[in-house]
1. Suppose R0 equals 35 Å. What FRET efficiency, 1/(1 + (r/R0)^6) with r the Cβ-Cβ distance, do GLU174 and GLU139 give to the nearest 0.05?
2. Pulled fully out, how much extra length does the chain show between LEU67 and ALA339, if you take 0.36 nm times their separation in residues and subtract their Cα-Cα distance?
3. Using a 1.4 angstrom probe and counting only protein chains, how large is the accessible area of SER381 in Å², to 10?
4. Give me a comma-separated list of calculated 3J(HN,Hα) values for segment 193-201, in order, Karplus coefficients 6.51, -1.76, 1.60 applied at θ = phi - 60°, integers in Hz, x for any Gly or Pro.
5. How much solvent-accessible surface does LYS53 expose, in Å² to the nearest 10, with a 1.4 Å probe and all protein chains in place?
6. Sort ARG259, ARG63 by accessible area with a 1.4 Å probe, largest first.
7. Heavy atoms only, probe 1.4 angstrom, no DNA, RNA or ligands counted: give me VAL138, VAL85 ranked by accessible area, highest first.
8. Would you calculate the separation in nanometres between label points at THR331 and GLU349, each defined as 7 Å from the Cα along the Cα-to-beta-carbon direction?
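The values are calculated or read from the model by the stated rules, or taken from the named source; none is laboratory data. The shown structure was predicted, so the numbers you read here are calculated from the model rather than taken from an experiment. FYI the Cβ positions are ideal-geometry reconstructions off the backbone, even for glycines, and counts take in every protein chain you see. Heavy atoms of the whole protein, side chains included, go into the accessibility calculation; ligands, DNA and RNA do not. Shrake-Rupley method; radii C 1.70, N 1.55, O 1.52, S 1.80 Å.
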Amino acid sequence: MKRVVLWGGGLAAAIFAAALPASGAVTAAAPASPPAAAAAPDAASPNEALMAKVHEVQQMVNRLIHLGSLSGDLMEEAKQVKLVVDRAFDGSVGGNAVRLHLAIRTYEDFRDHLEQRAAALRGASAAAAVRQMRADEVENKAHALLPRLEANARRIIEHLTDGHSGAAEASEAEEQRQVVGQLQSALAANPGNPAARVLALHGALEAAQGLLAKRSQRLAAEEERMRTEITAQRADELFRLLKQRRNLPMATQVAVLRRKEFANDANAQALLRAGRTDKPLYEQLQAMLPTVAAHPASADTSAARKDHLAAAGSEGRVHIVSSRMKNAVQTMAANLRRARQELAAIAAEGSAGGRAAAEVAQARDIVAGLDHVLSEVGGTSDLQRQLDAMDEMERKLKTWMAAAVAAR
């Protein structure tokens, strides 16, 4: 059967067809059919050609309806086309030209709708194919990414749970616990779905990255604070050492600047480069760093303690130990032992020796004090500690002597 190519018309024609009378009479608006005499004797009339086309349309529409493969809206439209085509043959054997043309135009509209629906279905199939291709591509990429993401997650879990991760505050420790839990859940979830595993691991790793970035910022701030404190402490230490040596020769002061601990100190190196000798180095440093004056470092200035070994001008931080000083300590210790023996004899005689009870009691106190001092001196080789113990004994002796004089 040959394909009929038809043009024109719209769905409005179906509404118009439904309004037409069922008789075969031609309305006033319909064009008159040419007289039969005008047609060639051996040629078919125009109505006959139209009727042949409409008959073919009628057969195709009936076949579509009979197959039942159309969707709901298209099936309803096919039934409307059948109604218009069937009416084209009502009323006369030759049919009505207006109704025949209307049937053809209605079918053309229906055929256009079928072709549009077919194109849409083809497009949907193509889109589904593209989606499937993309899904396959995503799955392949997920398979490639999974090993690296899983290794990163396990490494971060190990780092955060090894006890050296550096969580400083309770809030950070809680966040760390949550991140570890999220990483562990991501590693265990969706074992058969690579894409879902990748998404879960990606989210967990982003959370871990945020935690580590926050921790890095905190550690960087702490490091900067410690660096500032160390710099300030080193400046104070340098100031203290230089001030202790302010009355010593300049070469001794400069030697402090050349110490190993000040090799990379900007202040010490600046003083070395300046090379000034017109004033003590501590004053030069104070002029460079006025803030060090707020932390003046000095030796123990307590009046209760005498530093026998301090070098002049060093404020007790530079000591000189000589054999002469050691011999003097031994001589003082020998004298204290002799005094202890005499006082012990007085304490032993008691009131029987004609001593007052107060004197005997004082002698016993002094003997106890001497025993303590002599034990300190004999128990250490530290010359400074020995001298300190003797100084303490000297103060006690002065106190006892003053009390004895007052009692007379």
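1. Working: r = 36 Å, r/R0 = 1.04.
With a Förster radius of 35 Å, E is 0.45.
2. Working: separation 272, 0.36 × 272 = 97.92 nm, distance 13.88 nm.
Gain on stretching LEU67 to ALA339: 84.0 nm.
3. Counting only protein heavy atoms, the figure is 110 Å².
4. Couplings: 10, x, 5, 5, 5, 4, 5, 5, 5 Hz.
5. Only protein atoms counted, so the area is about 90 Å².
6. Numbers: ARG259 85, ARG63 120 Å².
Output order, biggest surface exposure first: ARG63, ARG259.
7. Details: VAL138 80, VAL85 0 Å².
Heavy-atom accessible area, descending, gives VAL138, VAL85.
8. 3.0 nm
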